[in-house]
4 protein chains.
Amino acid sequence: MHMSVLAPPAVATIAVYGSSGYAGRELLRLLAAHPQARAVACTAGTRAPAQCDLVLLALPHGASGEVGRELAGARLPVIDLSADLRGEWQYGLPELHRADIAGAAAVANPGCYATAAILALAPLMAAGVVEPQLVVDGKSGVSGAGKTPSDRNLFCSAAEGIAPYAPVGHRHQAEIESELAAVAGAPVSVTFTPHLAPFSRGLLVTAYARLAQPLSQSGLDELLLGAYAGEPFVQVVDGVRTQPLRGSNLCHVQGWIDAERGAVVVAAALDNLVKGAAGQAIQNANLMLGFDETLGLPAEAAWL
Amino acid sequence: MHMSVLAPPAVATIAVYGSSGYAGRELLRLLAAHPQARAVACTAGTRAPAQCDLVLLALPHGASGEVGRELAGARLPVIDLSADLRGEWQYGLPELHRADIAGAAAVANPGCYATAAILALAPLMAAGVVEPQLVVDGKSGVSGAGKTPSDRNLFCSAAEGIAPYAPVGHRHQAEIESELAAVAGAPVSVTFTPHLAPFSRGLLVTAYARLAQPLSQSGLDELLLGAYAGEPFVQVVDGVRTQPLRGSNLCHVQGWIDAERGAVVVAAALDNLVKGAAGQAIQNANLMLGFDETLGLPAEAAWL
Amino acid sequence: MHMSVLAPPAVATIAVYGSSGYAGRELLRLLAAHPQARAVACTAGTRAPAQCDLVLLALPHGASGEVGRELAGARLPVIDLSADLRGEWQYGLPELHRADIAGAAAVANPGCYATAAILALAPLMAAGVVEPQLVVDGKSGVSGAGKTPSDRNLFCSAAEGIAPYAPVGHRHQAEIESELAAVAGAPVSVTFTPHLAPFSRGLLVTAYARLAQPLSQSGLDELLLGAYAGEPFVQVVDGVRTQPLRGSNLCHVQGWIDAERGAVVVAAALDNLVKGAAGQAIQNANLMLGFDETLGLPAEAAWL
Amino acid sequence: MHMSVLAPPAVATIAVYGSSGYAGRELLRLLAAHPQARAVACTAGTRAPAQCDLVLLALPHGASGEVGRELAGARLPVIDLSADLRGEWQYGLPELHRADIAGAAAVANPGCYATAAILALAPLMAAGVVEPQLVVDGKSGVSGAGKTPSDRNLFCSAAEGIAPYAPVGHRHQAEIESELAAVAGAPVSVTFTPHLAPFSRGLLVTAYARLAQPLSQSGLDELLLGAYAGEPFVQVVDGVRTQPLRGSNLCHVQGWIDAERGAVVVAAALDNLVKGAAGQAIQNANLMLGFDETLGLPAEAAWL
């Protein structure tokens, strides 16, 4: 599962499978501005281009696993954006697994909710300051529900209100637990409820934990700042909101201590199609190809 | 603080203070369709109408308390929609305090988040089936931020994304704890984070608790159905969302058991300006005036 | 095609065909609150109820005509909400054809854009004060695009922007021309472009004409006020916008004179599912059944 | 009013006045990514930086004129984004006045509606194929109403519906007429109605004209394509809509012939804060500084 990169290619050819969905189109959009990548959109008929340097799979959940295993078997470096191979392939969250991703030949890109939830909670778990029973309340824009028409993503169903969905057993729940348990070195339980809110792009998780030991607001701020110092795409902010992150690969994090109740709340915001999908995949691709990790990835926060 | 209603008036004259804000305008809109009420909008200059049967105060937080105490001192039946007199006057949540409200002369109308959170969690607390450390994640439409212009309620600030605000110490937090503690007969801790989402009307709370004893999904459904059987404005539903409740005085409730994690999630949706403010105030007024509790209150759920 | 109503039924039984679309569901919602109607939702299997007093057809364009003709042939009073029988059956715009509708057995309900455009322009055409080359620019909420999933009514396609569609040859274009020509007593040409804007319900047309003779702003106001004096569902307003009309059967109209350019602009707003579809159908049904025209139809303008 | 650029500076220092409004913030955002510009935000206290190469004025209408004249008097190259100096300074629409802008010392940046309307109609006027009585129906996102709180830009006022404003005498009306008259070589009359629609960024104009001579659909397409061949920021498209243009400096144009009625409709879409304000200002600044006109300006169309 490991490959050694001797010298990065000057320009990498990247094959994108499944470019009709939201994540696939975002891959093509971002790759078009990537200074050292050339994207090739692959359809069913044109699969498995022999000469590409890396494959990005943006196929539907369920359809991706088989294709991914086949490509990996053919020794093509591959990143799968679906949930199919999470738990099996190297988990592609650079903030936790940068070196392993750089050395991996097959990477499973994290879910959008999982990315935000893990980035919100990992510093607390690593520091051992909270109880392991966590609550994660997620709010996603409607692009998170995909392009296949349903009662969830029609305008008149989704607009002008909010609703929870899949309150128990969402596929990202186990992914969050598994990663946070690895960080904590102990089992972790996450109760997770996603919601669809009426905007196109953007995702916010609000994560709740009980303090296992005293932690002040400034202690929390330092913990978060320390955890993400030097990270190119995670910023600790005051006034976390999703709007400024549209189109960028940034994740914004903010935490609050409720001293009276011994509780801590950490919110993390990102663009579900960029840091939550296509941008993070390109970040992983950069690592695997030996490129600068930030190449072609907008880090600037637009203001609306 | 109590008054006896000998016979309800055929048509009650109701004075509305503060009719320029969203809640005040909604009071006038609903009262215009009330078959036994006649509303009089009162401005600063025309205060304290001697002949009215009841006063509804929709003044800003902070400005309402003094006016309310003065009116109550003048023995006028009064309902205050602000937070100023909660904890001091009879709490106006009919589902918990119907008889006391009917006999009260001065009623504090609950906060919108508090209404939803208490209706979501009270059945669990009353049954003693959950631990007392609760998490309440709230999402409100932008009318919940009031009409005074700010960075929160300008269109370009609020649209096309979501943000938390006042994550610790929101004024509804203590209100929720106090009411749930009374139901539970024991102290309760609530970690509460409200969010502003991009729609005008509507509010959803997603409440999280850990089970203190086993509870199945059907057990939870029965618990909720039993708690709200006969309630005219609370319905246990499948597919809770805020959109169908626009303009109605209904609260929709739905619960889920995460058996694997010993957790329970209950969501409650309502229109923050109706069941969360003006509608509930009229429900309380109906009780205080000896009217049918449902008079003039839309219970129908529109579909979009 | 005419029937004589001897005495209106105390309660009319109304069969609704096609109750799964937006207009059909709105019919059922409104009829549920109608004091003298009992609605029966009819599916393919339960068609042609022999005992009903009137049939409302909310079937898709193209599928409605045949069913409508069959029902009319069976001497059942019927109102068709599709475009199929416009031009053939009595046109159901009460403000222009009240008496004929009351005496008709088969009525074609107007299109939503046509309703607004005709109500905006008919007073000008009747007064003979404008040239017959008209421009109508329409903006509709997304429910106007129906429930069948398409690239137009998915949330991420329709949200956060605006687009024209069917700029030439929209089916409402001929309908507007034909009605206005009848009012004017001379041919009329209408260039019509509809747009989809990101809200669920509501429709605005902005109609443009060149003055054929001088007309002052107050003259225009008087013309519009005179045309709609006594009309229960058309109001001349200052500050026309669609938001307050959600759920109501009202149409709001406002006009402006550009004296310098010899031009007049009239805007008309309504709820496309109520006055633009289901509400107007019930208004027509009331007329055909001998009921008060306003029965069961909300005329109140909510404020948001 | 003219200055000669001997050699462009390697990196230009650009002073931005009024960086708190939407246009000013967008200027800073875009300049941050400009490869040859360094932006200095100037507040009231720090005005008139002696060493800057160019000044961008994003002050409110009314406040900008005086400052602009003072700066121009001090021989500083300056671009004013307000309406104050339009008609007096060189009009900054590169597609019509590229050479004059490059040689000008003081440029008035066009209004957002004017930019779209002129780009939609200029090819028709230049070709002499339409009558000079034009209709322009504009739809703007709410950022077009500015940041000063009002009943127009509060979320609950603007969301979930649409409204016209300033139907006669909008400040862009004369600007459109003047530019189109210059193109046509004859007087032009424009009836213009702007509307506010519920999204943050984006603007669409739908322009209507009567044909003065026969023009087929393919003739219209060729006319538009010919007019904008080689233009870096104007594209003739099929399926014009505002969503893909968020953040880009592109203007998309599409036209339709209604042969039956002898009418032509041309729609133009752009981001009101980029091609309609800050982006166009930078395009003008690039010309005035002798830079490549496209420097630092995103031309890519994102998909949502």
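The values are calculated or read from the model by the stated rules, or taken from the named source; none is laboratory data. As the structure is a prediction and not an experimental result, all values here were calculated from the model. Cβ sites come from the backbone with ideal geometry, for glycine too, and all protein chains shown count toward neighbours. Ligands, DNA and RNA are stripped out before the accessible areas are found, and what is left, the full protein with its side chains, is counted by its heavy atoms. Shrake-Rupley method; radii C 1.70, N 1.55, O 1.52, S 1.80 Å.
If we hang a label 7 Å off Cα along the beta carbon direction at C:Ala99, how far is it from the matching labels on the other copies, in nm, shortest first?
Output for C:Ala99: 6.5, 7.0, 9.3 nm, nearest copy listed first.
Assuming R0 = 30 Å, can you tell me the calculated FRET efficiency for the pair D:Asp100 and D:Ala10, based on Cβ-Cβ distance, to the nearest 0.05?
With a Förster radius of 30 Å, E is 0.75.
What are the label-to-label distances in nm, one decimal and shortest first, from C:Thr13 to the same spot in the other copies, with labels 7 Å along Cα to Cβ?
Inter-copy label distances (nm, one decimal, shortest first): 4.9, 7.2, 8.7.
Taking a label point 7 Å from Cα toward Cβ, how far is A:Pro232 from its twins in the other copies, in nm, shortest first?
Copy-to-copy label distances at A:Pro232, shortest first: 2.6, 6.3, 6.8 nm.
Counting only protein heavy atoms and using a 1.4 Å probe, what share of the accessible area of chain B belongs to carbon plus sulfur, as a whole percent?
53
What whole-number value in Å² describes the accessible area per residue of the protein assembly as shown for a 1.4 Å probe?
33
Name the nearest-to-axis residue of chain B, judged by Cβ distance to the rotation axis taking chain B onto chain C, and quote that distance in whole Å.
Residue nearest the B-to-C axis, with distance in whole Å: B:Glu160, 3.
In terms of the ratio Rg/(2.2 N^0.38 Å) built on C-alpha atoms, what value belongs to chain B?
Compared with the compact-globule rule of thumb, chain B sits at 0.97.
So what is the orientation-averaged projected area of the protein assembly as shown, using the convex hull of its C-alpha atoms, in nm²?
49.4
Among B:Glu95, B:Glu260, B:Glu222, which one moves the most in a GNM of chain B with springs linking Cα atoms closer than 10 Å?
Checking each option, the largest mean-square fluctuation is seen for B:Glu260.
For B:Val16, list long-range residues whose amide hydrogen, built 1.01 Å from N in the peptide plane, is under 5 Å from its own amide hydrogen.
Those lying under 5 Å, H to H, from B:Val16 are B:Val40, B:Ala41, B:Cys42, B:Leu56.
I'd like the mean, over residues of A:261-270, of how many other protein chain beta carbons sit within 10 Å of each residue's own Cβ.
4
Would you mind getting me the FRET efficiency between A:Glu260 and B:His61? Use the beta-carbon distance for r and R0 = 22 Å, nearest 0.05.
With a Förster radius of 22 Å, E is 0.55.
Under 19 Å from the 7 Å Cα→Cβ point of A:Ala126, by amide nitrogen: which residues of the range A:133-177?
In the range A:133-177, the label zone of A:Ala126 (backbone N under 19 Å from the point 7 Å along Cα→Cβ) covers A:176-177.
If you put +1 on each Lys and Arg Cβ and -1 on each Asp and Glu Cβ, how big is the dipole of the protein assembly as shown around its Cα centre, in Debye rounded to 20?
For the protein assembly as shown, the charge dipole is close to 0 debye.
Over chain A, with a Gaussian network built from C-alpha contacts below 10 Å, which listed residue (A:Asp53, A:Asp238, A:Asp100) shows the highest mean-square fluctuation?
Largest GNM mean-square fluctuation: A:Asp238.
Report the full-extension gain for the segment A:Ala229 to A:Gln213: residue separation times 0.36 nm, less the Cα-Cα distance, to one decimal in nm.
3.4 nm
In what sequence, largest accessible area first, do D:Glu179, D:Glu66 appear using a 1.4 Å probe?
Listed by decreasing accessible area, they come as D:Glu66, D:Glu179.
What does the C-alpha gyration tensor say about the overall shape of the range D:157-304? Classify as rounded when a/c is under 1.5, otherwise prolate if a/b is larger than b/c, or oblate.
Here the range D:157-304 falls in the rounded category.
How many percent of DSSP beta bridges within chain C run antiparallel, rounded to 5?
45
Per-residue mean of other chain beta-carbon atoms within 10 angstrom of the beta-carbon, peptide A:199-210?
6
Restricting the count to DSSP beta bridges whose residues both fall in the protein assembly as shown, what percent are antiparallel, rounded to a multiple of 5?
Once the DSSP bridges in the protein assembly as shown are tallied, antiparallel ones form about 45 percent.
What's the buried accessible area, both sides, between D and C using a 1.4 Å probe, rounded to 100 Å²?
Interface between D and C: roughly 3600 Å².
First measure r as the distance between the Cβ atoms of A:Thr43 and C:Asp151, then evaluate 1/(1 + (r/R0)^6) with R0 = 25 Å and state the FRET efficiency to the nearest 0.05.
Computed FRET efficiency for A:Thr43 and C:Asp151 comes out at 0.85.
Helix-only mean residue ellipticity at 222 nm, the protein assembly as shown, DSSP H runs n ≥ 4 weighted -39,500 (n - 2.57), per residue, nearest 500. What is it?
-8500 deg cm²/dmol
Is the shape of the range C:84-172 best called rounded, prolate or oblate, per the rule: a/c under 1.5 gives rounded, else a/b larger than b/c gives prolate, else oblate, with a ≥ b ≥ c the square roots of the Cα gyration tensor eigenvalues?
Since a/c reaches 1.5 but b/c is at least a/b, the shape of the range C:84-172 is classed as oblate.
So how far apart, in nm, are the two label points at A:Ala182 and C:Ala181 if each is 7 Å from Cα heading toward Cβ?
Result: 7.3 nm between the two label points.
Between A:Val205, A:Val67, A:Val274, where does the largest GNM mean-square fluctuation fall for chain A, given springs only between Cα atoms within less than 10 Å?
In the Gaussian network model the winner is A:Val67.
Mind checking the mean number of beta-carbon atoms from other chains within 10 Å of the Cβ atoms in B:86-92?
The shielding value for this peptide is 0.
Could you name the lysines in cross-link range of D:Lys275, using Cα to Cα under 22 Å and dropping any fewer than eight places away on the same chain?
Cα-Cα hits under 22 Å: D:Lys139, D:Lys147.
Mean Kyte-Doolittle hydropathy of 0.5 or higher plus an axial Cα length of 20 Å or more: which whole DSSP H helices in chain D meet both?
D:112-127
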